[in-house]
Amino acid sequence: KRLGLMYELVDEPTGDPDLGDRVAVVTGPDALFSRTRRYGTAFARLLRTLAATGRGELTATVDDRGTERTLSLSDADPVAVPGTDPVVDVGYDSDVEREFATRFEALDLDWRLVREPDLLPVAGGAMVPDFAFEYEHADFRVYFEIVGFWTPSYVESKLAKLEAVDAELLVAVDRSLGVGEAVEAADHRVVRYDDRVRLKDVRDALRVHEERLAAESAADLPDELRPTEDAVAVETLAERHDVPESAVEDREFPEHRLVGRTLARPALLERLDEAIEPGQDLASVASVAAEHGIDAADSLLSALGYRVEWSGLSGGTVRRRE
């Protein structure tokens with residue numbers, strides 16, 4: 001997938017113990033359909049990687065303007081690597097992947113999306129999943145593979161790898177392929193899609209793990225939390241204990257009161273109540289609240305028994321709740 005090329009690892013004796021018995025076969029996606037010379041630049045960049053390794057051999061079939069030739073290179077050849085790195089656009093294999101990644105990363109979840117994270121060993125080769133979801137509060141990841149429309153032989157090869165891989169894997173399958181049942185038979189969780197992968201389906205699949213992981217990460221969290229600050233955000237407290245925010249919210253706060261997404265001491269709330277007067281504009285209240293570590297003025301006013309009388313788009317005025 002790197003450089004827009006396709007890679008397949010196959011078991012093949014090399015006769016050299018230093019090289020091992022695994023060979024990478026590299027092609028361009030369109031080469032599955034017809035002969036093409038469009039991947040020359042990508043292969044040239046790949047040669048830099050090979051030349052920079054300490055040990056390796058390459059054999060390639062080259063279309064020299066209609067004449068088929070064989071190119072052979074090894075670490076014994078005098079190939080020098082320039083000191084500057086080539087421009088590499090990792091990109092995505094499809095618009096479905098790109099669009100999914102953009103939408104998922106816009107969510108505020110406890111999962112980090114990693115592009116092409118690992119090589120997963122399978123019988124006779126390896127598999128590089130499209131993504132991995134890494135849980136922020138534990139050493140746990142769910143691999144994510146998107147199987148879209150491709151040639152029958154490609155789909156067959158993909159299914160064989162999915163059957164062989166031994167990892168926590170979520171698979172999104174283009175419904176038109178009709179292979180969802182085969183993937184489920186390989187003991188992998190499946191979400192089906194038409195034009196785009198639904199975030200809700202992926203979110204539901206991750207939530208199965210999230211509930212268990214959240215409970216495990218919060219196992220050592222005390223039943224009562226007593227922050228030293230007069231006001232502290234739930235998010236800050238969760239980061240401090242390396243747990244999800246939901247775990248913090250489930251605890252008791254003997255010395256604080258939850259105001260919006262902030263824990264505040266009653267004494268601080270009393271001081272703020274004395275500083276707020278009916279008829280004051282909302283902007284000035286928000287400024288005072290922010291100075292004391294509370295970023296939600298509306299939640300503060302509600303907790304103190306106030307309401308906001310709105311005046312169109314110009315702002316609001318603080319009133320006592322009757």
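No value in this document is a laboratory result; all are computed from the given coordinates. Here the structure is a predicted model, which means the values were calculated and not measured. A quick note on method: Cβ atoms are made from the backbone with ideal geometry, for glycine too, and the neighbour counts reach across all protein chains shown.
Sequence-distant contacts, meaning Cα pairs under 8 Å at least 6 residues apart, place the relative contact order of the stretch 95-216 at 20 percent.
Going from the fewest other Cβ atoms within 10 Å to the most, the residues VAL318, VAL288 appear in the order VAL288, VAL318. A Cα-only calculation for the stretch 158-224 places Rg and Dmax at 15.6, 52 Å. Sorting LEU272, LEU159 by the number of Cβ atoms found within 10 Å of their own Cβ, with the fewest placed first, yields LEU159, LEU272. With a cut-off of 15 Å between beta carbons, the residues surrounding PRO266 carry a summed charge of -3, where Lys and Arg count +1 and Asp and Glu -1. Here TRP111, TRP310 are placed in order of increasing Cβ neighbour count within 10 Å, fewest first, which gives TRP310, TRP111. Between GLU12 and ARG321, the modelled labels are 7.3 nm apart [label points 7 Å from Cα along Cα→Cβ]. For a modelled paramagnetic label at GLU216, 7 Å from Cα along Cα-to-Cβ, no residue of the stretch 234-254 is in reach, as no backbone nitrogen comes under 12 Å.
Histogrammed with a bin width of 10 Å, the alpha carbon distances of the stretch 231-320 distribute as 17, 46, 26, 11, 0 percent, first bin at zero. Against the empirical 2.2 N^0.38 Å (N residues), the stretch 116-271 has a Cα radius of gyration ratio of 1.44.
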